[in-house]
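Below: one structure, written as C-alpha cells.
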Amino acid sequence: MNFMELLTRAKDNDAFALNEIAAMYRPLLIKESIVNGVFDEDLYQEQWLTLMNCIRKIRI
Amino acid sequence: MWKNNDNNEADESNILHRQFTVYLATAVRRTKIQYLRSKYKLQRYEIPLEIEDSYPLADFQAEPDIILSLPLLDQLENIKLQRALEQAKKRDLYIFLAKVLEGRSFVEIAAELGIEYNTATAAYYRMLNRLRKELGGEDE
C-alpha cells in the first residue's frame, strides 16, 4: 500500500493505516519531545495530537 | 520507503509522503515551541514569589554597588514593574526608556529609529497605559 492510500484510509479513521503512520513518525515525535536532553511525557502527548491534527488537515 | 516504479501514482504518493513529512515536522516543532513557551510563562509567575520570600529586598538595597552593575531591568526592585517592562516590545521599551530616563524628545527618538513621530508617541503612551494597568494604576 502506498502512502497516499494509507493517508486516505487514516483520514477515515482506519486503525491499520493510523498505526502504520504512527509507527512511521514515532521517532520524529520522540525527538521533538525531548527538552534539554530530558524526555517530556506531556509534550509527547501533545505531539501525538499534532500528528492526528496533521492527518486530519492535510489535503490530498 | 516505497520503490519508485516510474509510474505516476507512485510519484504522486512519494511527493505526498514528503509533503506530509515536512508539514508534520513543522507542526511538531511549533507544538514544542508553544508548549515550552506556556510552561516558561507559568514558571515566571512562580519564581518571583520564592525570591521575594527567601531574599528580602531590603538586603539588596544595602549594597547599591552590586545593583548598579546589573543590567538595567535587573536593577528594579519592583517585581511587577520589572515583569511589565520585560514583557513589553523591545522597541516600545526603548522609546519609553529614552523618553523617561534620558529625557529625549519624540522627534529625536523617531528620527533615530527611523519611524514616524506618531508611532513613537503611540508606543510611549501604550507603555504608560500598560504600566498603569500592570501596577494597579491609582495615579493618573
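Please treat every number below as a calculation from the coordinates, not as lab data. Just so it is clear, the model here is predicted, and its values are computed rather than measured. Positions of Cβ are generated from backbone atoms using ideal geometry, with glycine treated the same way; all protein chains shown enter the neighbour counts.
Values computed for the structure shown
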item: Peptide A:7-14, shielding by other chains (average Cβ, 10 Å cutoff); result: 1
item: FRET efficiency, 1/(1 + (r/R0)^6) with R0 35 Å, evaluated for B:Arg104 and B:Gln34 via beta carbons; result: 0.40
item: Filter on B:Lys80/B:Lys133; B:Lys39/B:Lys90; B:Lys41/B:Lys80; A:Lys31/A:Lys57; B:Lys41/B:Lys99 - keep pairs with C-alpha separation over 19 Å; result: B:Lys39/B:Lys90; A:Lys31/A:Lys57; B:Lys41/B:Lys99
item: Pair-distance profile P(r), taking every C-alpha pair of segment A:3-57, with 10 angstrom steps and integer %; result: 25, 48, 22, 5
item: Helix-only CD estimate at 222 nm, as mean residue ellipticity for chain A, using -39500 (n - 2.57) per DSSP H run (n ≥ 4); result: -23000 deg cm²/dmol
item: Two-site FRET efficiency, A:Arg56 against B:Ala111, from Cβ-Cβ distance with R₀ of 30 Å, rounded to 0.05; result: 0.05
item: Förster radius 30 Å - calculated FRET efficiency between A:Val35 and B:Asn78 (Cβ-Cβ, nearest 0.05); result: 0.45
